[in-house]
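Let me begin by presenting the structure, written as structure tokens, before commenting on it.
The values are calculated or read from the model by the stated rules, or taken from the named source; none is laboratory data. This is a predicted model, so every value here is computed, not measured. Don't worry about glycine lacking a Cβ; one is built from the backbone with ideal geometry, like all the others, and counts go over all protein chains shown. We work out accessible area using only protein heavy atoms, side chains counted, and drop any ligands, DNA or RNA first. Shrake-Rupley method; radii C 1.70, N 1.55, O 1.52, S 1.80 Å.
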Amino acid sequence: MAAVLLLLLLLYVYHTWWIDISEHRIQSDVVKAPFTFVHLSDIHGLTAGVNGRLSRLVSESVPDFILITGDLATNRRQLPRVLREIGRFPRETAIYFVPGNYEREESVLFRKRPIDDPGYLSRLQSCMNVLENDSVSFRCKGSLVHLYGLDNSVYGNERIPTAPNAGASDPATAPFSIVMAHCPSIIRYLQEQSFGFHLLLAGHTHGGQIRCFGRTWGAYRDYPIGLSRLGHGRYFGISRGLGTVKLPIRLNCRPEIAVYRIEPAETSGSGL
């Protein structure tokens, strides 16, 4: 009996507290030289796994910038700890953030309640660039990057910011366009708006947290996890996230840090 309990404990620790590093490669004809960024989502207060602190695992990937798609903490008590950990990320690395539903509400004793603090998001600006239906352009390793942060932390709140699109006809001046949002349902809005991008990033689903037969169950069962090719040089990355909600357990769905390596296209075309 003791051996069975020990095995169950080891399985729980491995599936819930071992942080995976998932690497994805994308080739694009608008990229001049390789660059790397990290995508985090749904931290929910988790600042370390059994294999290391979040800051150390992120730093080991040597990212050029870091993107976080919402849900830093399940409740406000966790937030200072998470912000301290984010403050340990490489100081020279820009961090961009879009809010999730847990930046609008919190869970206390399994009951959700609104966060009635108007300065909540502004406090995050001390260590991150918060994008609420906003955009930013910057150069990374010689390539122009357009980053769009859409706020669908409350459904219907998303708006496409006014900024150049990825549709420039000259590859010599065209940007690599990344869209960040918390919930993957944002893809329907982008399709309705005929909005072009190279890479769409989201989280929210936690990959289901508990996966059986390689499938996500529940409301987000139709969304994949990891990186998917949409065609025409477009990709969709959905993070499994880091923390947990409701049940403090993961199964066949370990917490994840996603590392994206964006490279110039080879003459034969682009691919994963």
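Computed over the chain, relative contact order equals 29 percent, with contacts defined as Cα pairs under 8 Å that lie 6+ residues apart.
Taking Cα pairs under 8 Å and at least six residues apart, what relative contact order does the range 84-239 come out at, in percent? Could the numbers behind the result be given before it?
Details: 260 pairs, mean separation 25.9, N = 156.
Relative CO of the range 84-239 lands at 17 percent.
Computing FRET efficiency as 1/(1 + (r/R0)^6) for LYS141 and MET1, where r is the C-beta to C-beta distance and R0 is 51 Å, gives about 0.35. A dipole drawn for the chain from +1 and -1 charges on Cβ atoms has a positive end, and of ILE66, ALA2, SER177 the residue lying farthest that way is ALA2. Here LYS112 sits with roughly 110 square angstrom of accessible surface, probe radius 1.4 Å. In terms of its C-alpha gyration tensor, the chain has a prolate overall shape, because the principal axis ratio a/c (a ≥ b ≥ c, square roots of the eigenvalues) is not below 1.5 and a/b outweighs b/c. Take the range 199-272 with all the other protein chains still there, run a 1.4 Å probe, and you get 47 Å² of accessible area per residue. With R₀ set to 51 Å, the beta-carbon distance separating GLU263 from ARG81 gives a calculated FRET efficiency near 0.90.
What is the antiparallel percent of DSSP beta bridges lying wholly in the chain, to the nearest 5?
Values: 25 of 57 bridges.
Of all bridge pairs located within the chain, approximately 45 percent are antiparallel.
Couplings for the range 132-138, taken from phi via the Karplus curve 6.51 cos²θ - 1.76 cosθ + 1.60 with θ = phi - 60°, read 10, 6, 9, 9, 8, 10, 7 Hz in order; Gly and Pro are left as x. The relative contact order of the range 1-87 comes to 31 percent, based on Cα pairs under 8 Å that sit 6 or more residues apart.
Amide H to amide H distances under 5 Å link TRP18 with VAL50, where only residues 5 or more positions off or on other chains count and H is placed in the peptide plane.
About the centre of its Cα atoms, the chain shows a dipole size close to 760 debye [charges on the beta carbon of Lys, Arg (+1) and Asp, Glu (-1) only; nearest 20 debye].
Could you give the length gained on full extension between ALA219 and ALA48, defined as 0.36 nm per residue of separation minus the Cα-Cα distance, in nm? Before the final figure, lay out each step's value.
Details: separation 171, 0.36 × 171 = 61.56 nm, distance 2.82 nm.
Extending this stretch completely gives an extra 58.7 nm.
When the accessible area of the range 57-159 is split by element with a 1.4 Å probe, what percent falls to carbon and sulfur? Write out the running numbers ahead of the final one.
Details: 2420 of 4950 Å².
Carbon and sulfur: 49 percent of the exposed surface of the range 57-159.
Oblate is the label for the range 1-86, because a/c, from the alpha-carbon gyration tensor with a ≥ b ≥ c as root eigenvalues, is 1.5 or above and a/b does not exceed b/c.
With everything on Cα atoms, drop me the angle between helix 2-17 and the longest principal axis of the chain, reported from 0 to 90° to the nearest 10. Tilt relative to the chain: about 30 degrees.
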